Amino acid sequence: MSTITLYARKVNRMPSLIRDVRSSVREFRSEVEDLRNSTMSIDSSVCNLDDVIASLRASSNTQEEKLEKLEDIKEEVEEFIDDVVSIDEDAAEAINQSKDDFYDEYYYLKPDCEKSGWEKFKDGLKDFGNWCKEHWKQIVITAVIIIGAVITIVAVVATGGLALVPLLTALGISASTAAIISGVIGVAAIAFAGLSAIVNVVDVWNPLEGFWKGAQTVLNWGNLIFGGLYNIGSIYNAFNGITTAQLRAFGQALRRPEFVEALKGAQSYRTIFSGAKMAKDGSMLWAGLGTDGANVSAGLAGTSRETLGQLMARAGVAESSVTNWASPSVAYVLESSGQVTAYIGSETGMVLSNGSVVGNIFLNYERIVAPITPGITGLTIMNQTASGWAVAAGGFSRVVQISPMLNNGLAFLEKLREVFCH
């Protein structure tokens, strides 16, 4: 560090101090002069002050000489300071350049007090990079644990807890019961995914022992059972092309009591329709075809398809025994497979005098249940127009969803790792 940087304040005070001394000398000289003038006015007959006056005159001359010398000293000091500052600046520049050259070659020796904010930031990044390099295994395992938990939680939230409904209904379980089971498993999956992720991350960085090790085992098994089941349901849906939007629509319908009642009543009809062995690609839905809709729909079905009414007649179920057509309609859809076609007449949506809506069962039941039925590969909706029948929006075609399948597969494998590697 340069001299001027260290002592500039003290050195720069020297001219000021000299000026103070000059002022003091000047004042002293003035007072001596005043005293000399005063003594000269005293009558020599009273007191002879010639010697005193001579002494004061000499003192006054001496002070004048001192003032002149102080002025010379001040000028010389100022010249000296200018020279010192110039030399010091040159020396400081040379020293700083040498210092910079030295730190460029031996940066690791540079103290923090000499570093800029940018250099400290870069050092921090370098230290962080070294730390990551030393702990890369823990970081990777932690990331995998967190990602696995997030996938499970997101899957449950996105599907409204209903991802297992298609799989369970395919196994013959009532759709209403399947919704309850799936919801319970979904809530448990979220809880175990979050808790097991926390304890597993802690164990990665600070191995658990005793009670906490046992708790970790319990949580990991719970995560494997509940979260794994939900992941399997999501994988099943992705493979069958059932989307989260279709499951959410089904979940919104479950808020209607009449929809839940229709699901409950559908189970007995499913048993009957299953025994009747419905043909693949043979189901046909219809609505709004007028008062003679049964005959019109039968004509549209031809020999390759079968309506609900035709199936009931073949299975020996009397239409007069049906008090709520929503239940057998839902059962008919759940037991359908392959490509389904729906013929929607121009009267669909009309409100009758009794308050019922034409096509209500298709709009509020069949169209919602069909997308979450894994056996159905697609739904084509045909609208009645003045010139005949035309394909309308609202149908769907199954497309295998690769990304959800892989994500949930990885999440399930992570759950297995957590159980068998701790």
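The values are calculated or read from the model by the stated rules, or taken from the named source; none is laboratory data. Computed from a prediction, not measured in an experiment: that's the story for all the values here. Cβ sites come from the backbone with ideal geometry, for glycine too, and all protein chains shown count toward neighbours.
One residue stands out in the stretch 220-244 among those that are in a helix (DSSP H, G or I) and among the hydroxyl-bearing types (Ser, Thr, Tyr): the one that is surrounded by the most Cβ atoms within 10 Å (Cβ to Cβ), namely SER234. Evaluate the stretch 323-343: report whether one residue or more is more than 26 Å from SER268 (Cα to Cα), in the same structural domain as LEU254 (by TED's automatic domain parsing) and without any contact (Cβ under 8 Å) to a residue 40 or more places away in the chain. No, every residue in the stretch 323-343 fails to be more than 26 Å from SER268 (Cα to Cα), in the same structural domain as LEU254 (by TED's automatic domain parsing) and without any contact (Cβ under 8 Å) to a residue 40 or more places away in the chain. Does THR177 fit the bill of being within 22 Å of TYR332 (Cα to Cα) and surrounded by fewer than 18 Cβ atoms within 10 Å (Cβ to Cβ)? Considered against the rule, which asks whether it is within 22 Å of TYR332 (Cα to Cα) and surrounded by fewer than 18 Cβ atoms within 10 Å (Cβ to Cβ), THR177 comes out as yes. Against the condition buried (at least 21 other Cβ atoms within 10 Å of the Cβ) and either modelled with pLDDT of 95 or more or not aliphatic (A, V, I, L, M) (or both), how does ALA342 come out, does it pass? Considered against the rule, which asks whether it is buried (at least 21 other Cβ atoms within 10 Å of the Cβ) and either modelled with pLDDT of 95 or more or not aliphatic (A, V, I, L, M) (or both), ALA342 comes out as yes.
State whether one or more residues within the stretch 307-328 are touching a strand residue (DSSP E or B) at 6+ places or on another chain (Cβ under 7 Å) and outside any helix (DSSP H, G or I). Within the stretch 307-328, one or more residues are touching a strand residue (DSSP E or B) at 6+ places or on another chain (Cβ under 7 Å) and outside any helix (DSSP H, G or I). For the criterion of being assigned by TED's automatic domain parsing to the domain that holds VAL157, in a helix (DSSP H, G or I) and either surrounded by 16 or more Cβ atoms within 10 Å (Cβ to Cβ) or of a type in the set (Lys, Arg) (or both), PHE259 fails. Of the residues making up the stretch 157-174, one or more are free of Cβ contacts under 8 Å to residues at least 24 places away in the same chain and in a loop (DSSP other than H, G, I, E, B).
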